[in-house]
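The values are calculated or read from the model by the stated rules, or taken from the named source; none is laboratory data. As the structure is a prediction and not an experimental result, all values here were calculated from the model. Every residue, glycine as well, gets a Cβ built from its backbone with ideal geometry; the counts of neighbours run over all protein chains shown.
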Amino acid sequence: RQVTVQRKEKDFQGMLEYGKEDETLLIRNLVTELKPQTVSATVPCLPAYILYMCIRHADYINDDQKVHSLLTSTINGIKKVLKKHEDFEMTSFWLANTCRLLHCLKQYSGDQGFMTQNTAKQNEHCLKNFDLTEYRQVLNDLSIHIYQQLIKIAEGILQPMIVTAVLENESIQGLSGVKPMGYRKRSSSMGDSDNSYTLEALIRQLNTFHSTMYDQGLDPEIIQQAVKQLFYMMNAVALNNLLLRKDMCSWSTGMQLRFNISQLEEWLRGKNLHQSGAAATMEPLIQAAQLLQLKKKTSEDAEAICSLCTVLTTQQIIKILNLYTPVNEFEERVTVAFIRNIQAHLQERNDPPQLLLDSKFMFPVLFPFNPSSLTMDSIHIPASLGLEFLNKV
Amino acid sequence: PPQRQRQRVLLKAPTLAEMEEMFASEVRAVP
């Protein structure tokens, strides 16, 4: 009868030992050649935890060269894989893992400020010999770089959808019949049969982005910032388009636009992202939609417009009023006298002479510390990673 | 009593740009 002695898991102290000659293989299998799907069924950010356990062992044996070498290879490996795969899934995956590694280097640094939520067991897993503060700064810089790449990729996917989905999408039944005279059905660049750029398609795309980031264990605060950034861009692209198109400036477009924005707000609520600040970035577009729907005749109307349009600049308000086109013969044009009245009201605001929004503007990103409740000795490394040369210590 | 902070040796890290240059020179060195 064959007797097998299995090493007890309780002996595992949460460190991984490897020979220096295996560092290249480690980085290849865990970083540059790793497909996110390989680890999708494991704990989120598994590569980051494995890398930390390797760093911890190098620290434990007091080998500063090994720590330097591993961190440098890791960072260069991440940069290399992101240069090769400029897609949302891979970029989000490495943003999540880079941030998690950064959190681990803080949580297990031995700095009391980062240890407040640690269990006694987690405190045993702190670094013993080295202070990696400078590497934390490098990982923070790398995270910013990856975040910017992630936003660029997402914007590239969303950008072609925005005008059609948010401005031209006619989901309210019967509204297309009240389009401004001569503009009926001319604005849409897509055929009726092609629904790839509908608002539903845009929301489906937002769902894909969100579930990818969420499933990969990206910090909730970073997801919120990414969504806010994308909503800002959608607002800027849609408003800029509206400000340059006469056929968009009508009562019916205002009505449809407000409805479309409410669908996006609903999506934010459904994903528990209503506190992210994303909805507030849509305020200029919301006000433009309301401006299109308000009466534009009397002095009281002018006052109402001025008190409502607080985030639109004077230039933008005047431009929309100038472009405004009545939907039928019963509606009157905006008179020159009314526009002068509005201008007089807004004079004291001293708004900058800005018409278009900067669609490339980026909010500064922050990566708040987010310690993990996981303990290193509970982490299982699947055989599919090809890391059998790592010894559990 | 508060735990005494263990003294750890600060490991100097290159910047991201310096790492990129190290990485590029390694790539160049490979025939």
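Scanning the range A:269-287 for residues that are at pLDDT below 95 and in contact with a Leu (Cβ under 7 Å, 6 or more places away or on another chain) yields a total of 1.
Yes/no per residue for (1) within 24 Å of the chain's Cα centre (by Cα); (2) farther than 23 Å from A:Ala154 by Cβ:
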site	(1), (2)
A:Leu46	yes, yes
A:Leu51	no, yes
A:Asp59	no, yes
A:Lys66	no, yes
A:Asp87	yes, no
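Residues of the range B:6-31 that are more than 7 Å from chain A (Cβ to nearest Cβ) and either over 20 Å from A:Tyr135 (Cα atoms) or at pLDDT below 75 (or both): B:Ser25, B:Glu26, B:Val27, B:Arg28, B:Ala29, B:Val30, B:Pro31. Set side by side, the residues A:Ile157, A:Ile151, A:Ile144 differ, and just one is part of a helix (DSSP H, G or I) and surrounded by 18 or more Cβ atoms within 10 Å (Cβ to Cβ), which is A:Ile151. Of all residues in the range A:377-393, those being crowded, with 17+ Cβ neighbours inside 10 Å, at pLDDT 95 or above and either in contact with a Ser or Thr (Cβ under 8 Å, 6 or more places away or on another chain) or not in a loop (DSSP other than H, G, I, E, B) (or both) number 2. Exactly one residue out of A:Leu239, A:Leu291, A:Leu230 is assigned to a helix (DSSP H, G or I) and touching a Pro at 6+ places or on another chain (Cβ under 6 Å): that is A:Leu239. Going residue by residue through the range A:349-356, is there one that turns out to be under 28 Å from A:Asn118 (Cα atoms) and assigned to a helix (DSSP H, G or I)? Taking every residue of the range A:349-356 in turn, none turns out to be under 28 Å from A:Asn118 (Cα atoms) and assigned to a helix (DSSP H, G or I).
Residue check: A:Leu132 meets all listed conditions (1) at the interface with chain B (Cβ under 9 Å from one of its Cβ atoms); (2) surrounded by fewer than 22 Cβ atoms within 10 Å (Cβ to Cβ); (3) among the hydrophobic types (A, V, I, L, M, F, W, C) but one, namely (2).
Quick check on the range A:54-69: of everything there that is of a type in the set (A, V, I, L, M, F, W, C) and more than 11 Å from chain B (Cβ to nearest Cβ), which residue is farthest from A:Met15 (Cα to Cα)? Don't jump to the end; show me each part of the working.
Keep residues of the range A:54-69 that are of a type in the set (A, V, I, L, M, F, W, C), which gives A:54-55, A:58, A:61, A:67.
After this cut, where a residue has to be more than 11 Å from chain B (Cβ to nearest Cβ) as well, the list is A:54, A:61.
Working: A:Cys54: 6, A:Ile61: 11 Å.
Top of the filtered list is A:Ile61.
The requirement of being away from every other protein chain (no Cβ under 14 Å), at negative phi and not in a helix (DSSP H, G or I) is fulfilled somewhere in the range A:109-120, by at least one residue.
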